[in-house]
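To keep things clear, I will list the structure first and then write my remarks on it.
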Amino acid sequence: MLHLALAQTIPFPVGRRERLKATERPETRGYVAYAPQLSTRLHVSHTQLNIMGFAGVAGISVSGPIWGRIVESSGPQIPLAGASVCSILGCAGIKRMYDDGTGLGISVSTAHFALQITCGFLTGLGAHAGIISAISATAKSFPESARATTTGLVLSGFSLSAFCFSTIAHIFFPGDTSTLLLLLALSTSIPTFFAVFIVRPIPLPPTCSGPGGD
């Protein structure tokens, strides 16, 4: 998740977006897919774009121990519910501000910029809550012989999801950033909402619980 580093290379004019290809990575394509358009639409500076990108990284980084503690003490349901709420609020907020835009040549106001940072932070919180819940439930549901493989598959899906969103947007609605943001809001919040009722650790039979099992 190198949002901050990528933001330093993002060209503001949408027509010059091809320069992103050299540094684009799968796990950051979701952000790269709309960051140039967002900067142009809101007339934000290079520094402001860096801060907006960093907000998502900060949400992921600072929430890890908190979500992890909740998962260990109460199970994945609370973090999954939090992931759904944070994702829909964060992505929908970004979409609303993108749709509203600003006046011609007028930069985004301080209040709207602070709200943009908050929305980015919420998306980071939601992403980490979802992935920690999934990894914890998966690790507790498989024996040691398959634990690394299954948790690795979960992590792969987390990384590939951004690539899938970017590809879908490029094929079905190229250049329509508002629809991409709507897709991100719905595709991240709805699955985690249903996961609240579905995802939970499955107790292992005694023979799989450890080397000393009967």
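The values are calculated or read from the model by the stated rules, or taken from the named source; none is laboratory data. Quick caveat: nothing in here was measured; it's all calculated off a predicted structure. Here Cβ is always computed from backbone atoms with ideal geometry, including for glycine, and neighbour counts include all displayed protein chains. Surface accessibility is based on the protein's heavy atoms, side chains included, excluding ligands, DNA and RNA. Shrake-Rupley method; radii C 1.70, N 1.55, O 1.52, S 1.80 Å.
Under 15 Å from Cys91 (Cβ atoms), open to solvent by less than 50 Å² (accessible area, probe 1.4 Å) and modelled with pLDDT of 90 or more - does that describe any residue in the stretch 130-144?
Yes.
From (1) more than 25 Å from Ser161 (Cα to Cα); (2) under 17 Å from the mean Cα position of the chain (by Cα), pick out the condition that doesn't hold for Asp100.
(2)
Restricting the search to the stretch 85-136, which residues are among the polar types (S, T, N, Q) and not in a helix (DSSP H, G or I)?
Of everything in the stretch 85-136, those that are among the polar types (S, T, N, Q) and not in a helix (DSSP H, G or I) turn out to be Thr102, Ser107, Ser109.
Residue by residue, here is whether (1) modelled with pLDDT under 80; (2) more than 16 Å from Thr123 (Cα to Cα); (3) part of a helix (DSSP H, G or I); (4) more than 20 Å from the chain's Cα centre (by Cα) holds:
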{"position": "Ile10", "(1), (2), (3), (4)": "yes, yes, no, no"}
{"position": "Gly15", "(1), (2), (3), (4)": "yes, yes, yes, yes"}
{"position": "Glu24", "(1), (2), (3), (4)": "yes, yes, no, no"}
{"position": "Tyr31", "(1), (2), (3), (4)": "yes, no, yes, no"}
{"position": "Thr47", "(1), (2), (3), (4)": "no, yes, yes, yes"}
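Any idea which residue in the stretch 74-84 is nearest to the chain's Cα centre (by Cα), counting only those that are assigned to a helix (DSSP H, G or I) and surrounded by fewer than 21 Cβ atoms within 10 Å (Cβ to Cβ)?
Per the stated criteria, the residue is Ala81.
Looking at Thr167, Thr151, which one is more than 21 Å from Gly75 (Cβ to Cβ) and of a type in the set (S, T, N, Q)?
Thr167
For the list (1) more than 13 Å from the chain's Cα centre (by Cα); (2) at pLDDT 85 or above, I need the number of the one condition that Ala55 fails.
(1)
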